[in-house]
Amino acid sequence: MTQASLFGPAQAGKGQQVCRFRPGFEAWQPAARRLLAQGIAPQDVWWQPDSQAPVDDDAPAPPAPRVPRVFLDMARAASCHSQPDRWALLYSLLWRLTHGERHLMQLGGDAQIVRLTAYVKAVRRDVHKMKAFVRFRAVTENDGQTRYVAWFEPAHFIVEYAAGFFSRRFSNMRWSILTPLGCAHWEGADAGGLWFSAPVDRGAAPDGDALEDAWQVYYRSIFNPARVKVRAMQSEMPRKYWKNLPEARLIPQLLREADRRVSTMQARPASEERLHCGPRPDSPGETLARATASAGDALSALALRAQACRGCPLWEPATQTVFGEGPARARIMLVGEQPGDQEDLAGRPFVGPAGELLDRALAAAGLDRGQLYVTNAVKHFKFEPRGKRRIHAKPSARDIAACRPWVEAELRAVDPAIVVCLGLSAGLAMLDRPLTLNRSRGQWIEQDARQYLLTAHPAYLLRLPDRRRRQVEYDRFVSELALAAQAA
Ligand code: SF4
């Protein structure tokens with residue numbers, strides 16, 4: 001089937017209606033709904049994305065057609081593809097879904113569905129690469145504040161689509177991601193949030209910064225010469241991205257050294273420490289001492305440095321370091337035990353079932369999570385693999401001690417008046433005294449001019465098998481959080 005038969009002629013044909021709209025799914029959607037309401041068939045429309053097209057805010061909102069959720073999700077992703085025919089494809093699919101082909105999305109062999117799927121896959125692959133290969137560099141702005149600026153070259157128009165991930169992941173930093181297909185900027189949740197600007201050239205982005213050495217140390221420390229598979233590495237990290245990756249400059253040398261390093265490793269007696277631990281790129285204290293501009297800068301620098309931490313064996317099987325998040329000057333800091341399975345994948349604390357319960361309890365206690373700094377005593381997920389599942393394993397006193405410099409650095413940077421320890425492990429990490437949950441729970445403890453409150457970990461509440469007991473414990477949990485709310 002030719003493209004013309006699928007999507008109509010390659011340019012506006014005689015009698016075709018030209019639909020000008022601002023490029024992007026948000027503008028295409030109402031335009032498509034309007035044409036649909038007027039009964040204009042796909043072959044009678046010529047889609048013309050135009051950044052100068054007028055914004056028709058006063059036009060009555062066209063009715064929303066009933067289409068499967070999966071179509072909307074896929075259409076939103078496919079709209080970022082660089083193929084100009086994507087708009088015609090989306091309208092054609094929309095037309096068919098609303099004209100007797102309600103089950104179209106289930107026809108995996110349909111030519112248009114095949115094309116839609118290919119577009120979605122290409123866009124998601126591009127987003128994945130952007131998440132993996134964006135490298136921020138610190139730039140001091142005119143107001144003396146630090147902005148982290150990255151350069152990336154996407155294959156598709158994914159900047160707006162992917163920006164939400166970065167605003168959640170780096171909510172404490174002011175950052176900009178510059179690309180030749182548009183730029184995204186984050187000013188912080190309280191200072192304008194996310195905004196977008198026109199494409200720029202490579203020259204607009206910095207080439208290096210003081211963090212460059214940290215990335216190099218990080219990459220050197222995770223590069224395992226015994227596991228290197230050059231083809232697999234190049235397929236995961238294609239060469240076209242290398243020029244913008246500071247660590248990639250090390251790759252040729254690391255590959256040259258790989259055989260010699262493997263021989264040295266084999267000749268060395270195996271010990272768990274030697275095999276699995278490595279240096280921290282900098283001590284958290286040193287990082288904190290250098291980041292003087294603001295608490296937000298200090299936290300951003302700490303979060304970046306912690307990504308490279310190899311201070312105990314937990315880093316190796318985990319996906320990533322899960323650092324704390326929240327306002328740099330929060331009055332209350334919540335400290336949990338360690339990230340769970342979902343936190344490990346998302347890279348954010350308390351986003352799994354325990355996080356949902358925590359959010360509910362905070363709201364019931366009159367606390368807004370957005371106003372709290374939330375972190376864990378241990379920054380990597382400790383688990384035991386069981387088949388395909390990863391079962392949470394309690395961090396040992398040694399794990400907690402190894403990670404303590406990070407949580408202490410967060411404490412110094414945020415400087416909260418109140419620290420709520422969620423569970424005994426968090427209490428032991430933060431307080432220099434013997435504790436038991438039964439005796440110390442719900443009591444204020446003063447240490448270093450700060451108030452500490454020990455309460456249960458939300459995961460403990462989720463594990464209670466008895467419903468009534470769970471409710472009693474939940475109510476107690478809320479009342480203890482309420483103590484912190486009142487004190488703050
Ligand atoms: S758990 Fe803490 S000390 Fe261990 S590697 Fe992770 S960040 Fe470093």
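So what's the net charge close to ALA163: Lys and Arg +1, Asp and Glu -1, counting the other residues with Cβ under 12 Å from its Cβ?
+2
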Next item on the list: Indicate the gyration tensor shape class of segment 134-204 (rounded, prolate or oblate), computed on the Cα atoms with a ≥ b ≥ c the square roots of the eigenvalues: a/c under 1.5 is rounded; otherwise a/b larger than b/c is prolate and the rest oblate.
Entry: oblate
Item checked: Proximal lysines relative to LYS382, as straight alpha-carbon distance under 21 Å, when same-chain residues fewer than 8 apart are discounted -> LYS394
Notebook entry, point to check: How would you rank CYS183, CYS80, CYS421, going from fewest to most other Cβ atoms within 10 Å of each one's own Cβ?
Noted result: CYS183, CYS80, CYS421
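Taking 0.36 nm per residue of sequence separation and subtracting the Cα-Cα distance, how much length would be gained by fully extending the chain between HIS103 and LEU437, in nm to one decimal? Intermediate results must be reported in sequence, preceding the final value.
Values: separation 334, 0.36 × 334 = 120.24 nm, distance 5.54 nm.
The HIS103-LEU437 span can extend by a further 114.7 nm.
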Next item on the list: Determine which residues of segment 175-191 fall in the zone a paramagnetic label at GLU26 would reach in this model, i.e. backbone nitrogen under 14 Å from the point 7 Å along Cα→Cβ.
Entry: 183-185
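Between TRP444 and TRP242, take the C-beta separation as r, use R0 = 41 Å, and let me know the FRET efficiency to the nearest 0.05.
Values: r = 54 Å, r/R0 = 1.32.
The formula returns an efficiency of 0.15 here.
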Next item on the list: Count neighbours as other Cβ atoms within 10 Å of each site's Cβ, and list the trypsin sites (Lys or Arg not before Pro) in segment 88-190 that are DSSP loop with at most 13 such neighbours.
Entry: ARG102
Note to self: What FRET efficiency comes out for GLN48 versus ALA417 if R0 is 56 angstrom and r is the Cβ-Cβ distance? Round to the nearest 0.05.
What the structure shows: 0.45
Checklist line | Using θ = phi - 60° and Karplus 6.51 cos²θ - 1.76 cosθ + 1.60, couplings along segment 73-82 (whole Hz; Gly, Pro as x) | finding: 5, 5, 5, 4, 5, 5, 5, 8, 5, 7
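Determine the gain in length on full extension of the stretch GLN486-ARG369; use 0.36 nm per residue of separation and subtract their C-alpha separation, reporting nm with one decimal.
On the way: separation 117, 0.36 × 117 = 42.12 nm, distance 1.50 nm.
Gain on extension, GLN486 to ARG369, equals 40.6 nm.
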Check: If contacts are Cα pairs under 8 angstrom and at least 6 residues apart, what is the relative contact order of segment 3-129 in percent?
Finding: 26
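Return an integer: the convex hull volume of the alpha-carbon atoms of segment 3-129, in Å³ per residue.
Values: hull volume 15.0 nm³, N = 127.
Dividing the Cα hull volume of segment 3-129 by its residue count gives 118 Å³.
Among VAL18, VAL351, VAL335, which comes first, then next, by fewest other beta-carbon atoms within 10 Å?
Working: VAL18 10, VAL351 20, VAL335 25.
The most exposed by this proxy come first: VAL18, VAL351, VAL335.
FYI, it's all coordinate maths here, none of it is from the lab. Bear in mind that the values here come from a model prediction, so they are computed numbers and not experimental data. Positions of Cβ are backbone-derived with ideal geometry, glycine not excepted, and every protein chain shown enters the neighbour counts.
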